[in-house]
Amino acid sequence: SIASVASFLALAWYLRRELGGMEGARVLDGIVRATIASALLAAFAWSVWHVLDGALGQGLPAQLVAVTAALVGALAAYLAAAFALRMPELGALARLARPLR
């Protein structure tokens, strides 16, 4: 909505003023990379679901298998795209996956 956009712009302006900048190019780069990876995730999830939906049918067990496979495959596709695009957030994710010492 218009109010949400206006609120976002006002808060972004305030945050930028408080921080002395927001590294707009870096933020835009992250948005572009995440959008590309998300588009691949969506395409892969729909493709897997579509193939399995046609092969397995419309019953509840078949749909559970199709949707679960689509979700798992989509996660793998997103991570592969994020790795290929060298998204810096993967480093933070890897640090979270390590056990605490």
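The values are calculated or read from the model by the stated rules, or taken from the named source; none is laboratory data. None of the values given here were measured: they were computed from a predicted structure. Neighbour counts run over all protein chains shown; Cβ positions are idealised from the backbone, glycine included. Areas reflect the complete protein model, heavy atoms only, side chains present, ligands, DNA and RNA absent. Shrake-Rupley method; radii C 1.70, N 1.55, O 1.52, S 1.80 Å.
Within the set of pairs 6 or more residues apart or between chains, which connect a residue that is without any contact (Cβ under 8 Å) to a residue 12 or more places away in the chain inside segment 23-35 to a residue that is surrounded by 10 or more Cβ atoms within 10 Å (Cβ to Cβ) and part of a helix (DSSP H, G or I) with Cβ atoms less than 9 Å apart?
Correct list of pairs: Gly24/Arg16.
Is there a residue in segment 11-22 that is open to solvent by less than 90 Å² (accessible area, probe 1.4 Å) and on the phi > 0 side of the Ramachandran plot?
Yes, there is a match, as at least one residue in segment 11-22 is open to solvent by less than 90 Å² (accessible area, probe 1.4 Å) and on the phi > 0 side of the Ramachandran plot.
Looking only at segment 5-30, count every residue that is in a helix (DSSP H, G or I) and closer than 21 Å to Leu85 by Cβ and tell me the total.
Going through segment 5-30 one residue at a time, the tally reaches 7.
Within segment 58-72, does at least one residue satisfy the condition of being touching a residue at least 12 places away in the same chain (Cβ under 8 Å) and either within 17 Å of Ser38 (Cβ to Cβ) or among the charged types (D, E, K, R) (or both)?
Yes, there is a match, as at least one residue in segment 58-72 is touching a residue at least 12 places away in the same chain (Cβ under 8 Å) and either within 17 Å of Ser38 (Cβ to Cβ) or among the charged types (D, E, K, R) (or both).
Quick one: count up the residues across segment 67-93 that are within 24 Å of Leu28 (Cβ to Cβ) and part of a helix (DSSP H, G or I).
The total comes to 13.
Looking at segment 37-54, which of the residues that are open to solvent by less than 80 Å² (accessible area, probe 1.4 Å) and of a type in the set (A, V, I, L, M) is nearest to Ala76 (Cα to Cα)?
Selected residue: Leu41.
Take the residues of segment 55-71 that are open to solvent by less than 70 Å² (accessible area, probe 1.4 Å) and over 21 Å from Leu41 (Cα atoms): which is nearest to the chain's Cα centre (by Cα)?
Taking the candidates together, the pick is Ala62.
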